[in-house]
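First up is the structure itself, then whatever we jot down about it.
The values are calculated or read from the model by the stated rules, or taken from the named source; none is laboratory data. Since this is a predicted model, take the numbers as computed values, not measurements. Cβ: placed from backbone, ideal geometry, glycine included. Neighbour counts: every protein chain shown. For accessibility, only protein heavy atoms count, side chains too; no ligands or nucleic acids. Shrake-Rupley method; radii C 1.70, N 1.55, O 1.52, S 1.80 Å.
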Amino acid sequence: MFGEIDAKGPVSQLVSERPERARVFNRLGIDFSSGGEKPLDKICRERSLDLNAVLYDLQESDARTTDADPCWMSAPMGKLADEIVSVHHQFLRRALPAISYLLERVAEANRNSHPELMELKELFADFRSRLETSMDKEEEMLFPVCRQMDQQRSSGKAVHPRRILYLVSVLERNHECAIESLSKIRFVTNGFVHLPDCGNTYRVLMDSLSDLEADMHVHMHLEDDILFPRAVGQEAQVPMVPAKLKK
């Protein structure tokens, strides 16, 4: 224990308690979404990071966090859904086509010297397709139900189940595949390293992919670790309403 930070707690839980801690983990390259169940002290040992230095950075982040900063673990699901749409979905709807355009230019200009860029194009196309499909399903099917559950929960009315568990399982599978593609993208680009022989467009592309990865960690954490489990859990508490038989 270091201050109020439990080094033996999962990193996903640490971010859930204080969302601004995500900035520290992103800077250190610590995945708190797909790898978020590992305790912080174990991650630091595996990556030869100074645990006390990491805890100090987290404490500094906590000190800058104001009472107005939201804790998404207790916020209404509708508010969290709105945050995901307005911040992370909007970011992706801008970034995905822009990165596709940059990739097309870079791959065409360097196809002879860097054939791996063709593989990068295929990986990103799969990644983009899965995310765009997930965003559409969330905005059209899941998030409206989350807002409805908030309203009906506050009014004391029961909510009729809407197969949230099945929908969430589909979304989580899409997320797993997207994160896998993003990991491959990181590998193919050697960690988004700039190549001096590829020019400024390549540099912009690598910076854009790095920004995308950082946003994805926060985005997937909010959905997979917080919103989805809460929606499934709340649905499970609703008694099934028997269908009326036709006379």
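Things worth noting here:
- Set Glu37, Glu104, Glu83: member being among the charged types (D, E, K, R), touching a residue at least 12 places away in the same chain (Cβ under 8 Å) and outside any helix (DSSP H, G or I): Glu37
- Residue match in the stretch 202-219 (condition: without any contact (Cβ under 8 Å) to a residue 60 or more places away in the chain, of a type in the set (Gly, Ala, Ser) and either closer than 15 Å to Asp150 by Cα or out of contact with any Leu (no Cβ under 9 Å at 6 or more places or on another chain) (or both)): yes
- Pick from the stretch 211-236, criterion more than 22 Å from Ala98 (Cβ to Cβ) and among the small types (Gly, Ala, Ser), ranking: farthest from the chain's Cα centre (by Cα): Ala236
- Pairs with Cβ under 8 Å, 6+ apart, first in the stretch 48-74 and open to solvent by 80 Å² or more (accessible area, probe 1.4 Å), second at pLDDT 85 or above: Asp50/Cys44; Met73/Ile226
- For the stretch 115-135, a residue qualifies if it is surrounded by fewer than 18 Cβ atoms within 10 Å (Cβ to Cβ) and touching a residue at least 60 places away in the same chain (Cβ under 8 Å), and the qualifying residues are Glu116, Glu119.
- Qualifying residue in the stretch 19-31 (condition: open to solvent by 20 Å² or more (accessible area, probe 1.4 Å), in a helix (DSSP H, G or I), modelled with pLDDT of 90 or more and within 23 Å of Gly191 (Cβ to Cβ)): no
- Hey, Glu104 loosely packed, with under 13 Cβ neighbours inside 10 Å and within 22 Å of Gly191 (Cα to Cα) or not: yes
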